[in-house]
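Chemist: Got a structure for you, written out below as structure tokens; questions coming shortly.
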Amino acid sequence: MHTIQEIPLFSELTEEQLKSVYTQMQVRQYSKDSIVFYEGDEGEFLYVLLEGTVKLFKTSPKGTTIHMHNFVAPEMVALFPTLERIPFPATCEFLTDGTMGLLPLDKLYGCLNNTKLALSLISSLLKRMKILAELLHKETIYSSEAKIADFLLNNASVFERLKNNEIASILNMTPETLSRILTKLKKEEVIIIKDHVVTVLDEDALREIVETNSIQSIVCSGVCK
């Protein structure tokens, strides 16, 4: 199991402060698919992921899920809504068996006289804002083709670990859409897929899809050659 000292926010605490945090933290074990908290719940703790992987997702009025982000231990989860004392904007679910530490907020506030910890907290909040900004950009600007191209540029190895329906869920699209676009990319010789291993043959073509928001640009380019 990871320790909280591995998380940047807590790395600058004194030994005495760390001991105090450890004694106040509730450690809970979760099995895969367990829910840590639901969208709309109100939290009284800082959630510290000590072991495993969780995902955050929203549920639309029609019942469809919108994937927001995955967190891998050691990491803090739902930092902003917890500090703001607002309802959680998303549901947190374990993708694996894992462990979560629940730290009462007053214990964190008691450590904020440590300047380095306060700066680390600001840095962590800025990181969450960046994640949200990237999600909004991809969901409002990117086409399905651009989202897959961007994913292949940055996370091609994930295809070795996850099934297509799981990847489609991360990208907030149907498995059929993912399969159709991957087939197009194979046809255009941008990627090859063998035994669930994806190899990118043409990174420039993927970047062009992201920039133009369409696979049609490389199709036309191939016809013109």
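The values are calculated or read from the model by the stated rules, or taken from the named source; none is laboratory data. The structure presented is a predicted model; accordingly, all values stated were derived computationally and were not measured. We place every Cβ from the backbone using ideal geometry, glycine too, and count neighbours over all the protein chains shown. Accessible surface is based on the protein model in full, side chains and every heavy atom, while ligands, DNA and RNA are left aside. Shrake-Rupley method; radii C 1.70, N 1.55, O 1.52, S 1.80 Å.
Chemist: Residues of the stretch 2-28 being loosely packed, with under 12 Cβ neighbours inside 10 Å and touching a residue at least 12 places away in the same chain (Cβ under 8 Å), which ones?
Modeler: Selection gives Thr14, Gln26.
Chemist: If you don't mind, there's one more thing I want to ask. What number goes with the only condition from (1) open to solvent by 30 Å² or more (accessible area, probe 1.4 Å); (2) hydrophobic (A, V, I, L, M, F, W, C); (3) touching a Gly at 6+ places or on another chain (Cβ under 8 Å) that Ile35 does not pass?
Modeler: Tallying (1) open to solvent by 30 Å² or more (accessible area, probe 1.4 Å); (2) hydrophobic (A, V, I, L, M, F, W, C); (3) touching a Gly at 6+ places or on another chain (Cβ under 8 Å), Ile35 fails exactly one: (3).
Chemist: With the condition being of a type outside the set (D, E, K, R) and more than 18 Å from Asn70 (Cβ to Cβ), I'd like the helices (runs of 4 or more DSSP H) fully within the stretch 132-192 carrying at least 2 qualifying residues.
Modeler: Numbers: elements: 144-155, 164-170, 175-187.
In the stretch 132-192, the matching helices (runs of 4 or more DSSP H) lie at 144-155, 175-187.
Chemist: Please specify each residue of the stretch 185-197 satisfying the condition of being open to solvent by 80 Å² or more (accessible area, probe 1.4 Å) and either within 14 Å of Asn164 (Cβ to Cβ) or modelled with pLDDT of 90 or more (or both).
Modeler: Selection gives Lys186, Lys187, Glu189, Ile192, Asp195, His196.
Chemist: Tally the residues that are open to solvent by less than 70 Å² (accessible area, probe 1.4 Å) and more than 24 Å from Lys58 (Cβ to Cβ), restricting the search to the stretch 170-184.
Modeler: Summing the residues that are open to solvent by less than 70 Å² (accessible area, probe 1.4 Å) and more than 24 Å from Lys58 (Cβ to Cβ) in the stretch 170-184 gives 2.
Chemist: So how many residues does the stretch 2-30 have that are basic (Lys, Arg) and more than 25 Å from the chain's Cα centre (by Cα)? It would help to see each step written out before you state the result.
Modeler: In the first step, residues of the stretch 2-30 are kept if they are basic (Lys, Arg); the result is 19, 28.
Still in the running and more than 25 Å from the chain's Cα centre (by Cα): 19.
Going through the stretch 2-30 one residue at a time, the tally reaches 1.
Chemist: Cβ-Cβ under 7 Å, sequence separation 6+ or interchain: first residue in the stretch 49-70 and more than 23 Å from Gly101 (Cα to Cα), partner surrounded by 14 or more Cβ atoms within 10 Å (Cβ to Cβ) and among the acidic types (Asp, Glu). Which pairs?
Modeler: Thr59/Glu39
Chemist: If Leu83 satisfies every condition in (1) of a type in the set (A, V, I, L, M, F, W, C); (2) open to solvent by less than 10 Å² (accessible area, probe 1.4 Å); (3) out of contact with any Gly (no Cβ under 9 Å at 6 or more places or on another chain) but one, which is the exception?
Modeler: So the condition that Leu83 fails would be (2).
Chemist: Can you pull out every residue in the stretch 51-67 that is open to solvent by less than 50 Å² (accessible area, probe 1.4 Å) and modelled with pLDDT of 85 or more?
Modeler: Gly52, Thr53, Val54, Lys55, Leu56, Phe57, His67, listed by residue number.
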